[in-house]
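Data first, discussion second: the structure below is written as structure tokens.
The values are calculated or read from the model by the stated rules, or taken from the named source; none is laboratory data. If you're wondering where the values come from, they're calculated on a predicted model, not measured in any experiment. Cβ coordinates were reconstructed from backbone atoms using ideal geometry, including for glycine residues, and neighbour counts include every protein chain displayed.
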Amino acid sequence: MKYFGGCDVGSTYTKAVILDENGKILADTTIKSKINAEESARIAMKEVLDKVGLKSEKELEYLIGTGYGRNKVPFADENISEISCHAMGVHVTNPNVKAIIDIGGQDVKGIAIDTDGTVKNFAMNDKCAAGTGRFFEAMARSFEMSLSDFSKLSLQAKNVIPISAQCTVFAESEVITLVGEGKAMDEIAAGIEMAVAKRCFVMAKKAGATDSITLTGGCAKNDGLKDAIEKVLKIKVVDLDTDPQLMGALGAAEYARQKGMAA
Amino acid sequence: MGKAIGSERLGDLYTGGKVKKRREWRGVEDTLYDYKCWLGIMGMLAKYLVRPHFLKGFLRYRWMLNYISVPAMIDKHTVGLRGNHLKIAHEEYDLVAEDVAKLLDTAFKADRYCGNDEELSKKIVVLDENEMFAIMNGFPTLKGISWETAAVYVAVLLQGDAVTGYLDAIQEMGLPGDVCPMPAAEAGTAVLDDFPLFGACAVQCNTTCDGSLLGNGIMARRYEKAGIPVFQIAAPLRHTEEGVQEYAAQEIRNAIKFIEDCTGEKWDWDYYFENTKRYNEENRLRYSWMEMSRTDYPQVIGANLALYAETTYMAIAGRVPDFVEADRRITKLAQESFERKEMLVPEYRHRAIIWGVQAQYYTDFLPWLQNCWGILPLVDMLSLVYWDQLSEDDPEQAIYDLGKLYQEMIMRNRTHGGWEVLLDDLWRFCEYYRADMVILWEHISCKALTGMHGLFEERAKEHGIKLVWVNHDLMDPRVIPKQNIRDDVNRYMRTVLMEEPIDPSLEVLDDDKLW
Amino acid sequence: MKKLLKLVGKLILAAVGLFALTFGVYMGNFDMKLLAFLEPYMDKIYDLRKREDYRV
């Protein structure tokens, strides 16, 4: 049996996937990233290698690394851009999906996928934390809640209190003020989700990605955000069968499989 | 390394510091030629520096320290060039360097704090950096001098972080940080009193945009306190409309009268038309280079076109015969290379239109596009200016011509005047120049262009053009460093086009400190 | 004649030496390296200047 690996080193989480020759996922993992990207990659890879009974990366036919920045996995056979890997990961999971909104720890991307899983176009905001995972962490902190509890809060809201601040820092101040004024927490949460959804809409439009869309990255598990995006985009967001946070690593592993099988 | 184009891994010359390891070896002939030009530049710089008023200016104004890197600026814009393309570059840069040296020499001679030559000062009209200089074309005994050009525009060309101190100064006064750095830097220079004071009068202009009114206002107050009267040419925004042309012409008449009243000199039509004939020839020659760029063998492209076109169109405007002579030599060199089908880089992969306003701290981005990815920057927005030939004998028409020139100053002719000149014209140029790609400079502090972002995306999709957005902050490299600019292209080339660079050593460079 | 030839010889040597020196400076980028080294010291000159206390 041949094994193919993909490792996606993110700012918050590192993910790794191992596939067989047929593209079936044999092992996957998600760990919190350390400050040293290579160390994070080695730890994640060791976990998935252990799960399939392999001793080291050398036993993989091909390993591809990815993540924000370049050469995040220096011991990989190759490093490919995370945008390409996300697109491929979603394509092998559900070939009908044509577009992705990827909300990571520190950036937001809109990606349009071509028929073969490659990238047709993309737009990204990596200059500002507004609308990223960092933004949600700051908001959950203001609410004194876990991210998981915060993500469900807006689903109960009957109204939306709009958040006017564009900047994460100012938005946090605005939210604290609203909470202090005794405004309904679920309605404030709905305002926060809506603010992010509007930014995602802009990213998606920029990339020409508005048809048959899905979410990837950690924030894809935020039910409140998914609900807000559906309201803003006026289309149903496709749920993926595989953990959306794994798409980057899955795409990297799929590229590894294609290159390894072609060799 | 050697004579052949692409024979050196250009990225290996970077050290992470201010200077490169060594200069390029371009083969015997081209290296000796470049060496000869370097000797010329060093001699020219020394010639001016030894003059007492010039030395005084050098020691007085902090922005003058950037000028020690003039040879490095020429090196970075000639990177990778060989043969006639190298000669074309030197024709341009060496001449512009000397012209700027002359500007500084005149400025410091007249400056109250340096040479204090009052007689000379009375013959000077102070102009903005972002203003057509053609108003001087009818005054044979007067000089139009822009200290802003030297202190801000050229300074940043030489050293990317040249004006960050001035930006900090004006922001300490309360100016927000997201304002265009160009007028902000001008204003900062003014509040720190770090500019030479001279001139019989000043003629400012509202080009490129409202940002210039900010800087102009602060400087006008300073000038008037020093006894230098100021006139503002208010060039209309909607320059494509017939209805504003009379107003534009009247502004020119008013400016001419103002200069006449302040200096005692009279407008001379013979002198004006003599300059106009040269200006028309310069423009014809430049169009011929751009016409060559429609073919498979473009010759005068990228930085060789962009920086030079800005200088001749806006600042020289036909007044300096040396420039027309240089243009004729450049045309001859370009024609020779075109007939021999000579290429600038080993592989041509994409033909690009460069749109938007360049990052002033990274004008050598265009040579990088060529050398790293084989993307040919055929023409740029700042070179696609007023096309018509001006009248060479009709004084009445000439006033309207000047009015039109002032409205259609570089950048201004596209960022104002409606969406057609900014948005729709781009796709026509893509077709005209057979371009498959647009590199769109997105100056994040520019309110004129950012509002059109979505429309650009839609149109690019309709026309099937690869649109690559490149973010920058004009004169503040702290906001978006050069590697981020390169990464905008690197990411697109690898992710969407799945290409590998022609020269991989250029993909990632440690050049934040580089001159 | 001999003196003239000697002089010419010396001039040629001097010219070759000058070429070698300047070409070495050019090729090694030593002109820019020297100026880059001196720049921080030259920058201090501007701090010495007393400025008019002008504020808009």
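Points to keep in mind about this one:
- All positions within region B:171-208 that are under 20 Å from B:VAL126 (Cβ atoms), among the β-branched types (Val, Ile, Thr) and out of contact with any Phe, Trp or Tyr (no Cβ under 6 Å at 6 or more places or on another chain): B:VAL191, B:THR207, B:THR208
- Selection within region B:226-235 - of a type in the set (A, V, I, L, M) and in a loop (DSSP other than H, G, I, E, B): B:ALA226, B:ILE228, B:ALA234, B:ALA235
- Taking region B:313-418 and the helices (runs of 4 or more DSSP H) fully enclosed by it, the elements with 1 or more residues that are among the acidic types (Asp, Glu) are at B:321-339, B:395-407.
- Test for A:ALA190: is it without any contact (Cβ under 8 Å) to a residue 24 or more places away in the chain, assigned by TED's automatic domain parsing to the domain that holds A:GLY117 and of a type in the set (A, V, I, L, M, F, W, C): no
- Summed over region B:449-497, residues that are over 21 Å from A:LYS205 (Cα atoms) and assigned to a loop (DSSP other than H, G, I, E, B) total 9.
- Positions within region B:107-128 being surrounded by fewer than 23 Cβ atoms within 10 Å (Cβ to Cβ) and more than 17 Å from B:THR263 (Cα to Cα), in sequence order: B:LYS109, B:ARG112, B:TYR113, B:ASN116
- Filter result (over 23 Å from B:LEU142 (Cα atoms) and of a type in the set (A, V, I, L, M, F, W, C)) within region B:299-327: B:VAL300, B:ILE301, B:ALA303, B:LEU305, B:ALA306, B:LEU307, B:ALA309, B:ALA326
- Scan of region B:20-53 for residues that are closer than 30 Å to B:GLY115 by Cα and in contact (Cβ under 8 Å) with a residue 60 or more places away in the chain, ordered by number: B:PRO52, B:HIS53
- Among the strands (runs of 3 or more DSSP E) confined to region A:7-118, the ones with at least 2 residues that are surrounded by fewer than 22 Cβ atoms within 10 Å (Cβ to Cβ) and of a type in the set (A, V, I, L, M, F, W, C) are located at A:25-32.
- Conditions (1) in a helix (DSSP H, G or I); (2) surrounded by 24 or more Cβ atoms within 10 Å (Cβ to Cβ); number of the one not met by B:TYR223: (2)
- Out of B:GLY11, B:GLY6, B:GLY2, one residue alone is small (Gly, Ala, Ser) and either closer than 23 Å to B:GLN335 by Cα or within 9 Å of chain C (Cβ to nearest Cβ) (or both). It is B:GLY6.
- Within region B:307-331, residues that are among the aromatic types (Phe, Trp, Tyr) sit with their Cβ atoms under 6 Å from residues that are not in a helix (DSSP H, G or I), at 6+ positions apart or across chains, in these pairs: B:TYR313/B:VAL385.
- Any hit, region B:147-154, residues being outside any helix (DSSP H, G or I) and either at pLDDT 95 or above or surrounded by fewer than 24 Cβ atoms within 10 Å (Cβ to Cβ) (or both): no
- Selection from region B:42-54 of residues that are more than 10 Å from every other protein chain (Cβ to nearest Cβ) and aliphatic (A, V, I, L, M): B:MET44, B:LEU45, B:ALA46, B:LEU49, B:VAL50
- The residues listed here are A:ILE101, A:ILE80; of these, the one that is touching a residue at least 12 places away in the same chain (Cβ under 8 Å) and in contact with a Cys (Cβ under 7 Å, 6 or more places away or on another chain) is A:ILE101.
- Residue count for region B:191-220, restricted to those that are modelled with pLDDT under 90, assigned to a helix (DSSP H, G or I) and within 14 Å of chain C (Cβ to nearest Cβ): 7
- Considering residues of region A:211-250 that are within 22 Å of A:LEU26 (Cα to Cα) and among the aliphatic types (A, V, I, L, M) only, the residue surrounded by the fewest Cβ atoms within 10 Å (Cβ to Cβ): A:LEU240
- Any hit, region A:75-87, residues being polar (S, T, N, Q), within 15 Å of A:LEU250 (Cα to Cα) and away from every other protein chain (no Cβ under 14 Å): no
- Region B:107-145 - residue that is hydroxyl-bearing (Ser, Thr, Tyr) and farther than 30 Å from B:GLU392 by Cα and, of those, nearest to the chain's Cα centre (by Cα): B:SER121
- Scanning region B:450-460 for residues that are at the interface with chain A (Cβ under 8 Å from one of its Cβ atoms) and exposed (fewer than 14 other Cβ atoms within 10 Å of the Cβ) yields one hit, B:GLY454.
- Test: residue in region B:298-308 that is over 18 Å from the mean Cα position of the chain (by Cα) and either assigned to a helix (DSSP H, G or I) or closer than 21 Å to B:TYR271 by Cβ (or both): no
- Region B:461-481, subset within 12 Å of chain A (Cβ to nearest Cβ) and of a type in the set (Lys, Arg), residue surrounded by the fewest Cβ atoms within 10 Å (Cβ to Cβ): B:LYS461
- Filter result (more than 12 Å from the chain's Cα centre (by Cα) and free of Cβ contacts under 8 Å to residues at least 40 places away in the same chain) within region A:235-263: A:ILE235, A:LYS236, A:VAL237, A:ASP239, A:GLN258, A:ALA262
- Meets criteria (free of Cβ contacts under 8 Å to residues at least 40 places away in the same chain and touching a helix residue (DSSP H, G or I) at 6+ places or on another chain (Cβ under 8 Å)) for B:TRP63: no
- The set of residues in region A:41-70 being more than 18 Å from A:GLU254 (Cα to Cα), in contact with a strand residue (DSSP E or B) (Cβ under 9 Å, 6 or more places away or on another chain) and of a type outside the set (Lys, Arg) consists of A:ILE43, A:GLU47, A:ASP50, A:LEU54, A:TYR68, A:GLY69.
- Residue count, region B:166-192 (criterion: surrounded by 24 or more Cβ atoms within 10 Å (Cβ to Cβ) and of a type in the set (Val, Ile, Thr)): 2
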